[in-house]
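A quick write-up on the structure given underneath.
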Amino acid sequence: MTVEKLLQFCRALAGVTEDVKWGSDLCFSVSGKMFLVTNLEPPHSIAFKCTPGEFGELVERPGIIPAPYMARNMWVQEQALGETLDRRELEALVKTSYDLVVAKLPKSRRPGATFPVKRAARTARRRTRR
């Protein structure tokens with residue numbers, strides 16, 4: 001997978017923002033919470049969140065390590081984009097990372113969330129219907 005294809009895939013996910021941090025790391029976030037970081041300099045390392053089961057399996061593969069500073073939060077790092085993970089597998093892992101982050105967000109901050117009607121407004125509507 002190329003870095004351009006990766007960026008295109010991430011940008012297509014709902015509610016995603018991107019920001020360059022720490023010099024040359026492009027961070028993808030949803031509601032301010034990161035789900036993927038890639039280095040813009042070759043060899044384009046990529047780090048993302050995964051499930052505990054995936055974490056154990058992935059770090060046993062050559063070219064994938066526990067992500068520095070984030071391993072305790074179940075993040076892994078592919079040291080060179082496309083070296084170990086093929087396009088389909090990486091897209092599935094990135095989607096899982098996105099989904100894990102979205103699941104931890106309050107319902108009101110999730111992409112596509114509709115804001116609940118205020119209690120006073122509901123009460124007023126009920127009174128007018130009677």
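Rounded to the nearest 20 Debye, what is the dipole magnitude of the chain about its Cα centre when Lys and Arg each give +1 and Asp and Glu each give -1 at the C-beta?
Computed about the Cα centre, the dipole is about 2100 debye.
Please give the per residue accessible area of the chain, computed with a probe of 1.4 Å over protein heavy atoms only, in Å².
For the chain, the per-residue accessible area is 63 Å².
Ignoring ligands, DNA and RNA, please state the percent of accessible area on region 13-124 from carbon and sulfur, probe 1.4 Å.
55 percent
In whole Hz, with x marking every Gly and Pro, tabulate ³J(HN,Hα) for region 64-81 from phi via Karplus 6.51 cos²θ - 1.76 cosθ + 1.60, θ = phi - 60°.
10, 10, x, 5, x, 6, 10, 4, 5, 9, 6, 9, 10, 10, 8, 5, 9, 3
Under a 5 Å amide H to amide H cut-off, with H placed in plane at 1.01 Å, what residues pair with VAL16 once short-range neighbours are removed?
none
By a straight-distance test (C-alpha under 17 Å), which lysines pair with LYS5 as possible cross-link partners, with residues fewer than eight away in the same chain excluded?
Straight-line reach from LYS5, under 17 Å: LYS95.
Report ³J(HN,Hα) in whole Hz for each residue of region 89-104, in order, from the Karplus equation J = 6.51 cos²θ - 1.76 cosθ + 1.60 where θ = phi - 60°; Gly and Pro get x.
For region 89-104, the Karplus-derived couplings read 5, 5, 4, 5, 5, 5, 5, 4, 4, 4, 4, 4, 5, 4, 4, 7 Hz, x marking Gly and Pro.
Packing-wise, with mean Cβ within 10 Å as the measure, how do 86-97, 41-52, 7-18 rank, highest first?
Peptide ranking by packing, descending: 41-52, 86-97, 7-18.
Out of (1) 10.2; (2) 9.7; (3) 7.2, which label holds the value of mean projected area of the Cα convex hull in nm² that was computed here?
Correct label is (1).
Please tell me the relative contact order of region 1-89 in percent, rounded to the nearest whole number, where contacts are Cα pairs under 8 Å and at least six residues apart.
22 percent
Based on the alpha-carbon gyration tensor of region 1-75 and its eigenvalue square roots a ≥ b ≥ c, which shape applies: rounded if a/c is under 1.5, prolate if not and a/b is larger than b/c, or oblate?
In terms of gyration-tensor shape, prolate.
Rounded, prolate or oblate for region 62-106? Axes are the square roots of the Cα gyration tensor eigenvalues, ordered a ≥ b ≥ c, and the cut-off for rounded is a/c under 1.5.
Oblate, since a/c reaches 1.5 and b/c is not below a/b.
Which of the aspartates and glutamates could be linked to LYS107 by a straight reach, that is with a Cα gap under 15 Å, when you skip same-chain ones fewer than 8 residues away?
ASP99
The values are calculated or read from the model by the stated rules, or taken from the named source; none is laboratory data. Keep in mind the model is a prediction, meaning the values are calculated, not measured. As a convention, Cβ positions derive from the backbone with ideal geometry for all residues, glycine included, and neighbour counts pool all protein chains shown. Surface accessibility is based on the protein's heavy atoms, side chains included, excluding ligands, DNA and RNA. Shrake-Rupley method; radii C 1.70, N 1.55, O 1.52, S 1.80 Å.
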